[in-house]
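Here is the structure we will look at, set down as structure tokens.
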Amino acid sequence: MDLEDPRYAYMFGFLQADGHMHEGTRQRGRLTVEISYRDIDILRAFQELCPYNSTISERTRATNFSESHRSASWTVCSLEARNRLAELGLPYGKKSTRITPPRVPFSKADYLRGVIDADGSVGITATGLPFVSLTTASTAIATYLCRFTKLTFGIQRRAGRNTRDHVYNIMYMREAGVTLADHLYYPGSLALERKRTAAAEVAAWVRPPHMGPARGRRPWTQQEDHILLAAPTLAQAAERLGRSQSSCQVRRWRLRQGQPLPD
């Protein structure tokens, strides 16, 4: 499991998001990944990559979404394999909030593609907008994705938990989604075939003429912050600064609450 190898980096990201490590008595246990049967090819690829004995099984069961959901599972019981995965950062038991990016050198784009294939979405919205998104309960993973896109592409996103279920929903739309999809799903990379197809559609998107040009993000200055805080109303602040009232409202709230500010 050399995470500088793109294939293993992808597999490890996928396992962190969608795999489960079960620990039994007398050093017995197993790694299990259960996904929709339509994605069984990725489990076959994992089985070929894994140097230990493993099995792939199928089952059909009732779920909240279907009376006959068909799934496929890949299982590895080797203690040596489980020890290596745990060492790299795949914990036993409940892990959604505990997983973190590897602390060893790893192929970043391939690792993130694995995480997004398991816990994210790629595609075109009903209104025709391209996107790449990730839903995760892990602060470390959410922060890392935002840091990666900022350092690699200059795309800024702020990770914050939503109020409904307290998970992170990070979305890259329009040109940001195109850039990320094109970078992560490069030719020949290991990926879920349906998401590779969706990523190709996203990467091919061109902003239509009626949408107008993309607007660049205008950074705030210290002088603008002082003007914003001194203005008696949001309307006056917005008029003086040449910004929208919603932008001024969010910025003023963050300043007054001591919240982290975007760079």
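The values are calculated or read from the model by the stated rules, or taken from the named source; none is laboratory data. From a predicted model like this one, the values you see are computed outputs, not experimental measurements. Please note: Cβ atoms are built from the backbone with ideal geometry, for glycine as well, and neighbour counts cover all protein chains shown.
With segment 1-99 as the region, which helices (runs of 4 or more DSSP H) entirely inside it contain at least 2 residues that are outside the structural domain of Arg194 (by TED's automatic domain parsing), free of Cβ contacts under 8 Å to residues at least 40 places away in the same chain and within 23 Å of Ser138 (Cα to Cα)? Before the answer, list the steps.
Numbers: elements: 6-18, 40-49, 79-88.
Fully inside segment 1-99 and qualifying: 79-88.
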Set Leu151, Leu43, Leu79, Leu112: member being among the hydrophobic types (A, V, I, L, M, F, W, C) and in contact with a helix residue (DSSP H, G or I) (Cβ under 9 Å, 6 or more places away or on another chain): Leu112
Checking Thr197 against (1) within 20 Å of the chain's Cα centre (by Cα); (2) touching a residue at least 24 places away in the same chain (Cβ under 8 Å), the condition it does not meet: (2)
Lone unmet requirement of (1) surrounded by fewer than 15 Cβ atoms within 10 Å (Cβ to Cβ); (2) part of a helix (DSSP H, G or I) for Pro219: (2)
Filter pass, Pro105 being more than 30 Å from Ala204 (Cα to Cα), surrounded by fewer than 21 Cβ atoms within 10 Å (Cβ to Cβ) and in contact with a strand residue (DSSP E or B) (Cβ under 8 Å, 6 or more places away or on another chain): no
Yes/no for Phe131 being more than 16 Å from the chain's Cα centre (by Cα) and either more than 26 Å from Cys50 (Cα to Cα) or of a type in the set (Phe, Trp, Tyr) (or both): no
